[in-house]
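A quick write-up on the structure given underneath.
The values are calculated or read from the model by the stated rules, or taken from the named source; none is laboratory data. Keep in mind that what you see is a predicted model, and the values were worked out from it rather than measured. Cβ sites come from the backbone with ideal geometry, for glycine too, and all protein chains shown count toward neighbours. Calculation scope for accessible area: heavy atoms of the full protein, side chains included, ligands and nucleic acids excluded. Shrake-Rupley method; radii C 1.70, N 1.55, O 1.52, S 1.80 Å.
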Amino acid sequence: MILRYTQAALLIFFCCFLYSCASYNKSMTGYYERVKAGEYDKALQSLQHNKLIKKDRNALLYNLEAGRLYRLQNDFVNSNRYLNRADGMMENNSTNVKDVALGNLLNPMHESYKAEDHEQFMVHFYKALNYAMLGQTEDAVVEARRITLSNDKQQQKFNGNSGRYINDAFGLNVQGMIYEMAGDMNNAFISYRNAADVYLKSGSSYYGVSFPSQLKKDLLRTATAMGFQNELKYYEASFSGAAPDTQSAFGELILFVEEGNAPVKQQHDFMLTSGKSGIGNFIYTDQNGVNNDFNFDYASYGISSEKLTDVRALRIALPAYEVQYPAPQNISVSSGANVYPVQLAQDLNTVATSILKERFVKEMATALARQLTKKIVEKGAEAATESIAKEKNKDDKKDTTDGEKEKQKKKRQEKAEHAGEVAGFLMNVVNTATEKADTRNWQSLPAFVSYVRIPLHEGENAVTVKYGNNEQVIKINANRGIQMRSIVL
Amino acid sequence: MKKFGLEQGADYILQGSVNSIVDAFKRKKTVTYQINLELTNIETNEVVWIGDKKISKYVKN
């Protein structure tokens with residue numbers, strides 16, 4: 001009877017195992033392939049019919065992806081509709097009890113998706129570009145102000161620990177451009193200066209991007225326009241050799257070039273074995289085959305040390321990024337007879353992978369706490385089933401001898417222990433099957449964003465972007481102000 | 001006595017602005033909204049009513 005029960009239950013649990021094996025990327029392959037191929041309306045259909053992304057816990061991802069897709073189709077109004085929803089969700093993200101419970105019992109894929117740090121700034125970037133394309137400059141300036149709020153929030157996240165990602169230099173640079181587009185030179189100078197300070201403090205490069213010379217020129221130009229002589233002298237000395245450029249009277253185009261695809265999260269399994277230096281010390285082997293020590297602060301997760309004494313080995317799953325598009329192409333932008341140099345503004349490969357690496361210790365500790373909670377549940381199931389089985393088997397026959405009673409008692413105990421072991425084993429199977437890493441992220445982001453500022457002449461301008469054997473031409477009319485556009489390679 | 005359903009144009013226009021200031025630290029945030037409104041008689045251009053209100057909201061994540 002117990003054997004049949006075991007067989008049936010095992011069958012069901014292995015079905016669950018097969019179902020839950022795929023990472024987020026694999027479940028969404030159809031959608032991402034279509035986006036890469038440029039079939040945006042088919043991709044949209046695929047997105048709207050995908051069951052995984054339509055779930056409540058992935059609502060933020062759905063809004064981000066829909067916002068990106070509509071933008072790629074040049075539908076800026078709808079793009080902002082979804083991006084605004086995403087922005088609102090990111091602003092109000094709070095951990096609720098259900099999330100924590102599900103995360104501890106199952107795996108982090110069942111928690112609500114909380115955006116990565118850089119995704120917040122990319123949302124502001126796209127929203128501002130959308131508003132700029134629609135001519136809604138005031139709304140673009142609101143985005144600029146929201147970049148300040150997001151940057152402040154980012155700084156407060158890590159208590160000013162400069163080893164973590166506390167400033168988004170790209171966001172600050174874009175903020176300066178938005179203010180300049182709106183004619184607010186004072187705020188533009190402040191934003192450019194904040195971005196410049198981040199680059200100056202970080203040495204040769206900040207998360208994969210070296211100080212763009214265009215930013216140096218912008219800073220000096222806005223300082224001159226505001227008449228800030230002291231700042232002008234200070235930064236001229238710091239930059240050594242950059243001079244502010246003059247702008248065309250007919251206006252300027254800031255062209256952003258987006259290329260490639262953001263890195264994709266994959267699952268990495270780690271075996272943690274208990275180490276020698278006491279309770280809570282574990283050893284694991286990382287990707288390079290090196291053995292590392294890991295000290296688990298079990299008290300802060302509410303786990304008592306007795307629960308750890310008989311734990312020998314644990315398997316945990318953690319996410320790690322796989323870069324899809326390793327290096328930017330050689331891009332040449334020309335307008336008329338002049339060629340303008342394109343500079344890297346944001347390297348999402350480096351930013352994304354660094355942010356995850358910086359979080360590694362915390363992620364491992366959370367995964368470990370989850371595994372231990374599951375082990376406790378297993379032992380609990382074992383004990384409970386054992387005691388229930390002992391209760392059930394109390395149907396003695398009245399007229400039996402003492403010897404037989406002893407035999408029956410032993411048999412009962414064995415049966416109960418067996419039932420307990422089976423229950424514990426089933427729980428173990430479920431726990432192993434449901435252990436997955438959170439492999440969700442906004443994967444239709446580009447890998448690199450570069451930019452160039454092109455002075456325009458009166459009337460219609462034709463800007464040619466050449467990359468590899470391809471080229472795209474952008475036709476734009478000068479409007480005596482700054483215009484912002486973006487193209488996707 | 002005005003009758004219904006005979007509107008051809010408005011008599012008054014209500015204009016204003018909504019401003020917000022956000023004060024945030026980690027997961028606690030105070031948003032202060034200031035709403036300024038003016039009610040203007042379209043015919044005579046007379047500002048009939050001016051009002052403003054400050055609303056503060058405390059958000060804890």
Partner chain coverage, peptide A:207-218 - average Cβ within 10 angstrom: 0
Accessible-area value, A:Met271, 1.4 Å probe, nucleic acids and ligands omitted, Å²: 100 Å²
Loop trypsin sites (Lys or Arg not before Pro), region B:11-61 (other Cβ atoms within 10 Å of the site Cβ: 14 or fewer; DSSP): B:Lys26, B:Arg27
Phi to ³J(HN,Hα) by Karplus 6.51 cos²θ - 1.76 cosθ + 1.60 over region A:325-332, Hz, x for Gly, Pro: 9, x, 9, x, 7, 7, 10, 10
Exposure of A:Asp41 as accessible area (Å², to 10), given a probe of 1.4 Å and all protein chains: 100 Å²
Relative contact order of chain A, defined on C-alpha pairs under 8 angstrom at six or more residues apart (%): 21 percent
Alpha-carbon centroid distance for the pair region A:400-434 / region B:40-61, whole angstrom: 74 Å
Expected-Rg normalisation [2.2 N^0.38 Å, Cα atoms] applied to region A:78-139: 1.44
Gain on full stretching of the segment that runs from A:Ser94 to A:Arg145 - 0.36 nm per residue minus C-alpha separation: 16.1 nm
Region A:79-189, relative contact order in percent, only Cα pairs under 8 angstrom and at least six apart counted: 21 percent
Part-to-part distance (alpha-carbon centres) for region A:240-264 and region A:47-115, which is given in Å: 31 Å
Solvent exposure, largest accessible area first (probe 1.4 Å, DNA, RNA and ligands not counted), of A:Lys415, B:Lys3, A:Lys26: B:Lys3, A:Lys26, A:Lys415
Nearest-0.05 FRET efficiency for A:Asn479 and B:Thr40, computed from C-beta distance (R0 35 Å): 0.60
Between helix A:213-226 and chain A: long-axis angle, C-alpha atoms, 0 to 90°, nearest 10: 60 degrees
Area accessible to solvent at B:Trp49, 1.4 Å probe radius, in Å²: 120 Å²
Summed side-chain charge close to B:Thr40 - residues other than B:Thr40 whose Cβ falls under 13 Å, Lys, Arg +1, Asp, Glu -1: -4
Longest DSSP-loop-exposure-free segment, GluC sites (Glu not before Pro), chain A, at most 13 other Cβ within 10 Å: A:40-457
Separation of the B:Ile50 and A:Asp197 label points, Cα + 7 Å toward Cβ, nm: 3.8 nm
With Cα atoms, 0 to 90° folded angle of helix A:229-239 axis to chain A main axis: 70 degrees
The protein assembly as shown - mean residue ellipticity at 222 nm from DSSP helices (-39,500 (n - 2.57) per run, n ≥ 4, rounded to 500): -15000 deg cm²/dmol
Candidates per GluC sites (Glu not before Pro) in chain B, loop by DSSP, up to 14 other Cβ within 10 Å: B:Glu7, B:Glu43, B:Glu46
Inter-site label distance for A:Arg315 and B:Tyr33 at 7 Å from Cα along Cβ, in nm: 5.3 nm
Residue-wise HN-Hα coupling along region A:442-454, computed from phi with Karplus coefficients 6.51, -1.76, 1.60 (Hz; x: Gly, Pro): 7, 8, 8, 5, x, 8, 9, 10, 10, 8, 8, 10, 10
Angle in degrees between helix A:2-19 and the longest Cα principal axis of chain A, rounded to the nearest 10: 10 degrees
Hz values of 3J(HN,Hα) by residue in region A:34-43 - Karplus curve (6.51, -1.76, 1.60), Gly and Pro given as x: 5, 5, 4, 6, x, 8, 5, 6, 5, 4
When each of A:Lys157/A:Lys201; A:Lys201/A:Lys466; A:Lys216/A:Lys475; A:Lys55/B:Lys29 is checked by Cα-Cα distance, pairs over 26 Å: A:Lys201/A:Lys466; A:Lys216/A:Lys475; A:Lys55/B:Lys29
Heavy-atom accessible surface of chain A: percent carbon and sulfur, 1.4 Å: 51 percent
Other-chain or far-sequence residues with amide H under 5 Å of A:Ala345's (modelled H): A:Val449, A:Ser450, A:Tyr451
Value of relative contact order over region A:400-489, rounded to a whole percent, pairs C-alpha under 8 Å and six or more apart: 15 percent
